[in-house]
Amino acid sequence: DSGVTQTPKHLITATGQRVTLRCSPRSGDLSVYWYQQSLDQGLQFLIQYYNGEERAKGNILERFSAQQFPDLHSELNLSSLELGDSALYFCASSVWGAGANVLTFGAGSRLTVL
Amino acid sequence: GESVGLHLPTLSVQEGDNSIINCAYSNSASDYFIWYKQESGKGPQFIIDIRSNMDKRQGQRVTVLLNKTVKHLSLQIAATQPGDSAVYFCAENKSGGSNYKLTFGKGTLLTVNP
């Protein structure tokens, strides 16, 4: 157990739907990162939050949004889902938001869009 | 542009042999590198990291070598065991700045044959 908790572990939904993925960071970590992992794209950085504020944005679609709450947990919202959104979504956390920083990953949420 | 790539997508070794996994990076501004291991059904797990002011760093059965001249990173695993079978990712980051974006390579699948 890495200390980073992600729910749900598996999610099957239909195109056009909206889902929310949840992440609780490791105790003491202030920064949360979201990554998407697909077979053809590898691990792609989506977005980072530090202590409730957005800190960096990667290849995140406009249909996707995220936030980090005062208790430091984070949610990734995926809307108007398409078949191509099927992937593993990982949350990671770290103590700091910058610098030479090791990310601790959760076990991921597997999203299947039918 | 910024990219991290791997020379070989798969590597098969015999149990007890040493394994070498290679990685090339193109962002000369990157100064912090991490190797992650991802087992089936799990999130990436930190193995070892190295800063750009070092050429070599050793851990338990693992060694990371950094050649900044040719922008090359390698992970050496001594006496490879079946439990080492996984996908290995190298990742790079520029540790300065106010944000943090770890860029991952595509990954190398290591298979250890008994």
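Data overview
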read-out	value
Stokes-Einstein D (µm²/s) once Rh is taken as the Kirkwood radius of chain A over alpha-carbon pairs, at 25 °C in 0.890 mPa s	177
Range of Cα positions in the protein assembly as shown per principal axis (Å), largest first	48, 40, 34
Cα principal axis extents for region A:37-97, largest first, Å	33, 22, 16
Restraint check, A:LYS9/B:LYS42; A:LYS57/B:LYS71; B:LYS56/B:LYS106; B:LYS71/B:LYS94; B:LYS37/B:LYS68, Cα-Cα greater than 20 Å	A:LYS57/B:LYS71; B:LYS56/B:LYS106; B:LYS37/B:LYS68
Relative contact order of chain A, defined on C-alpha pairs under 8 angstrom at six or more residues apart (%)	37
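Here, each number is a calculation from the coordinates, and none is a lab measurement. Keep in mind that what you see is a predicted model, and the values were worked out from it rather than measured.
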